[in-house]
Amino acid sequence: MSGTVISYDVGMARWEPNARGRLERAALELFLERGFEQTTVAEIARRAGLTERTFFRHFADKREVLFPGGGALQELLVQAVAAAPDSTTPIDAVAAALQAAAPWFQERGDYPRQRQAVIASNPELQERELIKLAALAAAIAGALRQRGVPEPAASLAAEAGIAVFKIAFDRWVSSTGQPDLTHLIQDSLDELKAVTAGN
């Protein structure tokens, strides 16, 4: 019995730290190698050296592996909007929040680009991404309302901010040698302001 336990622990390494990170890396590798639809939870767990049971402790399904940290990102955006000086316009408060979130993505190395490649190849994942972005827009709009911004201005600023972010993010992940995400967010915001000013 003890021999079996020792063998299992060495082979599966269930006790090792960062099981969630290992599952994320294993899933992304398999999605890129084989495609999202062709990859099973069992294969992800096996590649990570973990069990399916461990997988489901961390993720509801294999789609959620690609959408980690949504709550943390949302909280970061909401806090940044709340922390903007009182004199800040709604769109500039949203821009400050997006700038604060840029390092959250940049610190992940190649992961955001690889993740986006998987999402771009699957309509179901694209839909999930849009739902997540809509949730972020709703949270930002709520933070603006807390600052006293009335409707529809709060929702318009939040939706415009998410559009700015989406365009900047798409440029960032699709190009090498481009400025960092912070600069691309600012460039997209400047373009939006130019368009709305009629320039």
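Listing for the model above:
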| item | result |
| --- | --- |
| Residues Ile167, Ile162 arranged by fewest to most Cβ contacts within 10 Å | Ile167, Ile162 |
| Least to most buried among Val81, Val41, Val118 (fewest other Cβ within 10 Å first) | Val41, Val118, Val81 |
| Cα pair distances exceeding 21 angstrom across segment 70-196, given as percent | 38 percent |
| Likely footprinting exposure, Arg63, Arg115, fewest C-beta neighbours within 10 Å first | Arg63, Arg115 |
| Using a Förster distance of 45 Å, the FRET efficiency for Thr196-Thr40 (Cβ separation, nearest 0.05) | 0.45 |
| Whole-Hz ³J(HN,Hα) from phi, Karplus 6.51 cos²θ - 1.76 cosθ + 1.60, for segment 44-57, glycine and proline x | 4, 4, 4, 4, 7, x, 10, 9, 4, 4, 5, 3, 6, 6 |
| Förster-model FRET efficiency, 22 Å R0, Ala60 and Leu156, C-beta, rounded to 0.05 | 0.10 |
| Linear extension gain, Ser174 paired with Gln146, 0.36 nm per residue minus alpha-carbon span | 6.5 nm |
| Neighbourhood charge, 12 Å Cβ-Cβ cut-off, centred on Ile91 and excluding it, Lys, Arg +1 and Asp, Glu -1 | -2 |
| Helix-derived mean residue ellipticity, 222 nm - over the chain, DSSP H n ≥ 4, -39500 (n - 2.57), to 500 | -23500 deg cm²/dmol |
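Every read-out reported here was derived from the displayed coordinates using simple, explicitly stated rules and does not represent laboratory data. Values in this document were obtained by computation on a predicted structure and should not be read as measured data. Positions of Cβ are backbone-derived with ideal geometry, glycine not excepted, and every protein chain shown enters the neighbour counts.
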